[in-house]
Amino acid sequence: MKYDAIVIGGGHNGLTAAAYLARAGRKVLVVERRHVLGGAAVTEEVFPGFRFSVCSYVVSLLRPEIIRDLELPRHGLEILPLDGTFTPMPNGDHLWRVNDHAKTQREISRHSKVDAEAYDEYGKAMVEMARFVKPILNMTPPDPMSLDPRELMKLLFLGRRFRGLADVDRYNQIQLMTMSAADFLDQWFETDVLKATMAASGIIGTFLGVRSPGTAYVLLHHYMGEIDGAFRSWGFARGGTGAISEAIAAAAREAGVEIRTAAPVARIAVKGGRAAGVVLTNGDEMTADMVISSVDPNLTFLRFIDSRELPGEFLDEVRRYKFRGSSGKVNLALDALPDFTCMPGGGPHLRGAISISPGVDYMERAYDQAKYGEFSRRPYMDMVIPTLTDPSVAPPGKHILSCFVQYAPYKLASGTWDDQREAFGDTVIDTIAEYAPNIRDIILHRQVLTPLDLERDFGLTEGNIFQGELTLEQLFFARPVPGWAQYSTPVRNLWMCGSATHPGGGIMGAPGRNCALRILGQKA
Amino acid sequence: MRDVIVIGGGVNGLVTATLLAKAGLKTLVLERGDRVGGCARTGEIAPGFRCPTLAHAAAIDPSLLRSLGLVRHGLRIVRPAVDACAPTRDGPTLVLWHDAARATEAIRAFSAKDAEQYPRFVNSFARVTAVLRAVCASEPPSIDDPTALDLIEMLKTGRKFRALGRADAYRLLRWMPMAVADLAGEWCESEPLRATIAAGGLLGSFLGPWSAGSAAILLLLGAEEGHPVANGWFIAGGPGALADALAAAARQAGVDIRTGADVARINIRDEEAQGAAGGVTLSNGEEIAARAVVSNADPKRTLLGLLDPIHLAPELVRRARNIRTHGTLAKINYASSSLPEFKGLSALDADGQAAALSGRIRLAAGIDGIERAFDAAKYGGFAEEPWIELTIPSIADPGLAPRGRHVVSTYVQYTPYHLRGTNWDAERDRLADAATRTIAQYAPGFAASVLAREVITPLDLERTYGLTGGHVFHGELALDQWFVTRPLLGWARYGTPIRNLYLCGSGTHPGTGLNGRSGALAARAIIQAIRGSQAR
């Protein structure tokens, strides 16, 4: 049986690429190592009755083109809005921003009148910035060293767009590309807890602190989400994040894609310098005209391919590519809702994101510990209770608390993550307990995922949730390797379509779509 | 009436004034201190001990050296045989000789792999920074209306970039936004070598080795000499001798220099719809008229301190306020009764020790040690073990100290301008003690050998030397404050929103230390503007 294309990895990017290719008439096979599809966008029943969005837990960045082209709603995708961000503070106060703009302004003016005004301006500026960056998301990055006139045109296009920006927007754009999130926000705001909570988007999945230059870009990256045309709104998929992957898989199957789960790849077959298929660990061999890898460059090039097939410089660059996982995930099955001292009882403040980010220094200190190889004793956390929006994922009356925890450095200075896992989980509980003391009494089960678990269970090298850091030197034409940012690789007929390619991670799907369109020779 | 007043007689101010005078403009330099030179000065810290007061190295652009005849005016450049030496507390000392073969041998004792890699890194660094040097030597282009000249410059730079070839071209693009610890880590494995290279990306900046963007500083500061460690040379007689040579060149070109002339305000002529600079008022009330005013003071001080903000649009004022000038460097100068004896050099004889210590001496407990010193600064404090770079200029230039004695010039970092819960006047001695203790960990007899010390905190840099926020570069060197955005996007070509008011200091492109490039580029832009308006 010979395929036109074999896609390695059934995560959302792999499935997206497969679906686009199949819709263009190609015969495509997807092979997934695990028994479930979705990669890091997966729902699993970890404890009976509790279906966790084990890794990735909110959605916003998923490209609207993909939702439209693949008709995902028809395939069962339903996105429920996540309303607002609630930040409890140690002094008994809180900051609670919601999607209702007027309400948020009133709330911010409780902390600072100046900030309430600046918030308006800031929101507008960020929308402008996201608007500027958006077309770049759907673009195959140009190669600045190429002499091909089409590549030069792309660079010219970017230059023109930049020149087309209003003066003030140009300024913001340059700053966003280079500054630290904290410095960037300092220019607008004075309220510490507001700055800290906003700056948090700048460090998610990145081994940098809020004061590290380059984090303003990650902030923007998280601003590029849109749901139903509304920028930067976040939501849950009904049934958990895995439902997104399931919907893409359904669209792919409908287009004729064959999907095999529990089919771990051992190596990519290369014949005469061309990718010719894959060999599974059970010895099965499948041949195809091309192979598309949605897994990260470490696995693709250092594990699945004989190094003799690759140029030495390319291998050096792949080895240089930085992963540096910095986060863990703790999923809790709860008997009741957490009760926050600063805003007791249930209520709409629990329906959105709950952010443990009481101050800029708090965030920075969390990073400082991680720099020297320890997990933060008081980490930054982004938590959601999806059961308040979608009760179907837990038994009646029970809840799920999904905690994204940073910093948890992949490389520990002493000990191993296998020894430290429970201590890490305890730290998370202790941290929550400072704001919601009842947490200790309502936990039914807990699942602790360290960076090592993310690597072992989900194939994310060093536990990096974006398949490689989103730092400036690893973006755009340099993602994953300078000169190889156009989804192709030094091995002919071998392509890349994962988060390690432009424009990077999050449940965006853009790498999968861009890669497929490039293979098909179509414009985005 | 004068043609041009230059506010501030720093290195760039003197360069600008000289070039303007050579172009036939009647130029007056007003310096508030009792001598010119700005950051280039030599001071007597104890009878017979003369030490670089602020900067201890310079790297004047070679074409300026020639065109201003600085050597003729008495400048004597000292190039030590050693670029940098990195003593450790308990192990051997890494000595990076300027001679590549010798450096390689020294590195081999630490790591054979590094010995192989270091020359490669140095070579690639030289190629890559040649392109940056070209960028540093040209005026940033206008984004809205690039002139034909801008386009030609961009094409020239573009061609240089392409000529690098793929590997180096990608390196340049990839290196700029990186953390300097990562860059050093990509090439080298031995900790002293990594830390010594990384240190070059941190001087004067509010960044730690793990901060992204610090590699850009290493590249920019290293661009002048095209070397990652040997950025700049020393001057016989200390940096004050550079100021003297620049002043002599200026006077010969016809520049009037007035010291003790403290400019309080830039005067604006309001007869036209948009204000234009028409001279200055000194703090003693004296008014001096001129057709144009050039400020060597930093952009914040110029735009927010010397001008009435009423003349500037509110958005511009906001942006000027947001220029980051959070100084992080203190300077401590020591008079020492003997050459410090570093533990790691005890195997060498006296001459050997002196040679090893003749360049920059970088004291760091590895990259993490530097990072920990930075950590304290983030929270408004300074570390008990600051990160220190020192030079002993009296080794190469014994005239700076009495026979057998020495002066030790130290950069002490990280010392944030904003201290939390205290102030620099209260902390001065505690900082100096911490620095002395730290040096003594590497050179045990040092504390006892100190005869006198001069402590210059970031607050002193601001009060005494006019550097806003105590920032030695007049504004953080960072990717968002460089090239077309230095000091402000839209105002990177030495002009300001006020007609006939120009900037020429380190706060303008390229602003990378004592090289005179900002001053030279400013002079070119000012001459063009003045000629253009005369032609109309």
- Message: Counting only other chains, and only Cβ atoms inside 10 Å, what mean value do you get across the residues of B:207-213?
- Response: 6
- Item | For the stretch A:456-501 versus the stretch B:257-314, the gap between their alpha-carbon centres in whole angstrom | 53
- Can you tell which of B:Gly344, B:Pro487, B:Ala443 lies farthest toward the positive end of the dipole of chain B, using +1 and -1 charges on the Cβ of basic and acidic side chains (Lys, Arg; Asp, Glu)? B:Pro487
- Item | Net dipole in debye of the protein assembly as shown [+1 Lys, Arg Cβ; -1 Asp, Glu Cβ; about Cα centre; nearest 20] | 2720
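Using the number of other C-beta atoms within 10 angstrom as an exposure proxy, rank B:Arg405, A:Arg211, A:Arg160, A:Arg319 with the fewest first.
Details: B:Arg405 19, A:Arg211 25, A:Arg160 9, A:Arg319 12.
Lowest count first: A:Arg160, A:Arg319, B:Arg405, A:Arg211.
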- With each run of n ≥ 4 DSSP H residues scored as -39500 (n - 2.57), what mean residue ellipticity at 222 nm is computed for chain A after dividing by its residue count and rounding to the nearest 500 deg cm²/dmol? -10000 deg cm²/dmol
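Rounded to the nearest 0.05, what FRET efficiency do B:Lys26 and B:Asp270 have when you use their Cβ-Cβ distance and R0 = 22 Å? Mind dumping the intermediate values first?
Working: r = 24 Å, r/R0 = 1.10.
Plugging the Cβ-Cβ distance into 1/(1 + (r/R0)^6) gives 0.35.
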- Surface/4 of the Cα convex hull for chain A, nm²: 23.1
- In the stretch B:10-148, taking the dipole from +1 charges on Lys and Arg beta carbons and -1 charges on Asp and Glu beta carbons about the Cα centre, the listed residue (B:Ala134, B:Gly24, B:Ala57) farthest towards the positive end is B:Gly24
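I need the calculated FRET efficiency for the pair B:Ser283 and B:Lys156, taking r as the beta carbon distance and R₀ as 56 Å, to the nearest 0.05.
Details: r = 45 Å, r/R0 = 0.80.
With R0 = 56 Å, the Cβ-Cβ based efficiency is 0.80.
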- Task: Per residue of the stretch B:66-81, in order, report the coupling 6.51 cos²θ - 1.76 cosθ + 1.60 (Karplus, θ = phi - 60°) as ³J(HN,Hα) in whole Hz, putting x for Gly and Pro.
- Result: 6, 5, 8, x, 5, 5, 4, 8, x, 6, 10, 7, 10, 10, x, 6
- Message: Residue by residue through the stretch B:497-511, what is 3J(HN,Hα) from phi via Karplus (6.51 cos²θ - 1.76 cosθ + 1.60, θ = phi - 60°)? Round to whole Hz and write x for glycine and proline.
- Response: x, 8, 4, 6, 10, 10, 10, 9, x, 5, x, 10, 4, x, x
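Size of the dipole of the stretch B:326-463 about the Cα centre, Lys and Arg at +1 and Asp and Glu at -1 on the beta carbon, nothing else charged, in debye to 20? Please report the intermediate quantities before stating the final value.
Details: 14 positive and 17 negative charges, 22 e Å.
With Lys and Arg at +1 and Asp and Glu at -1, about 100 debye.
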- Message: Residues of the stretch A:477-502 with backbone nitrogen within less than 20 Å of a virtual label 7 Å along the Cα-to-Cβ line of A:Asp4, please, listed as ranges.
- Response: A:487-489, A:492-498
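Mind checking B:166-177 for the average number of partner chain beta-carbons within 10 Å of each residue's beta-carbon?
Mean number of neighbouring Cβ atoms from other chains: 5.
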- Message: What does the net charge come to around B:Gly69 if you take all other residues with beta carbon closer than 15 Å to its beta carbon, with K and R at +1 and D and E at -1?
- Response: +3
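Where does the charge balance sit around B:Ala261 when Lys and Arg score +1, Asp and Glu -1, over other residues with C-beta under 11 Å from its C-beta?
On the way: positive: B:Arg32, B:Arg258; negative: B:Glu31, B:Asp34, B:Asp256, B:Asp262, B:Glu286.
Surrounding charge for B:Ala261 is -3.
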- Under the Karplus curve 6.51 cos²θ - 1.76 cosθ + 1.60, θ = phi - 60°, whole-Hz ³J(HN,Hα) for the stretch A:192-200, x wherever Gly or Pro sits: 4, 5, 5, 4, 5, 5, 6, 5, 4
- Placing one equal point scatterer on each C-alpha of chain B and summing with Debye, one gets log10 I(q)/I(0) at q = 0.06 Å⁻¹ equal to -0.27
- Note on the structure: Tilt, helix B:148-163 to longest principal axis of chain B (alpha-carbon atoms), in degrees rounded to tens, equals 20
- Roughly what angle does helix A:12-23 make with the longest principal axis of chain A, taking Cα atoms, 0 to 90 degrees, to the nearest 10? 40
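About its Cα centre, how strong a charge dipole does the stretch A:98-236 have in debye, to the nearest 20, once Lys and Arg get +1 and Asp and Glu get -1 at the Cβ? Display every interim value, and only then the final one.
Details: 16 positive and 18 negative charges, 51 e Å.
The dipole of the stretch A:98-236 has a size of about 240 debye.
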- When the Cα centres of the stretch A:384-407 and the stretch B:479-501 are compared, how far apart do they sit, in Å? 51
- Item | Model label zone, A:Ala336; criterion: amide N under 20 Å from point 7 Å along Cα-to-beta-carbon; scope the stretch A:431-447 | A:431-446
- Once the Cα atoms of helix A:101-111 and of chain A are each reduced to a long axis, what angle between those two axes, in degrees from 0 to 90 to the nearest 10, is obtained? 50
- Residue-count net charge about B:Glu315 - beta-carbon cut-off 14 Å; Lys, Arg +1, Asp, Glu -1: +1
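Please compute, for peptide A:311-320, the average count of beta-carbon atoms on other protein chains lying within 10 Å of each residue's beta-carbon.
Whole-number average of other-chain Cβ neighbours for A:311-320 is 1.
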- Name the long-range amide H neighbours of A:Thr87: under 5 Å, sequence gap of 5 or more, or other chain; modelled H, no Pro or chain starts. A:Leu95, A:Trp96, A:Arg97, A:Ser355
- Query: If you find the alpha carbon centre of the stretch A:159-200 and of the stretch A:340-364, how far apart are they in angstrom?
  - Reply: 24
- Query: In deg cm²/dmol and to the nearest 500, what is the mean residue ellipticity at 222 nm of chain B if only DSSP H runs of at least 4 residues count, each as -39500 (n - 2.57), divided by the residue total?
  - Reply: -11500 deg cm²/dmol
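The numbers here are math on the coordinates, done by the rules we state, and not lab data. Because the structure is predicted, anything quoted here is derived from the model rather than measured. For neighbour counting, all protein chains shown are included, and Cβ atoms are generated from backbone atoms with ideal geometry for every residue, glycine included.
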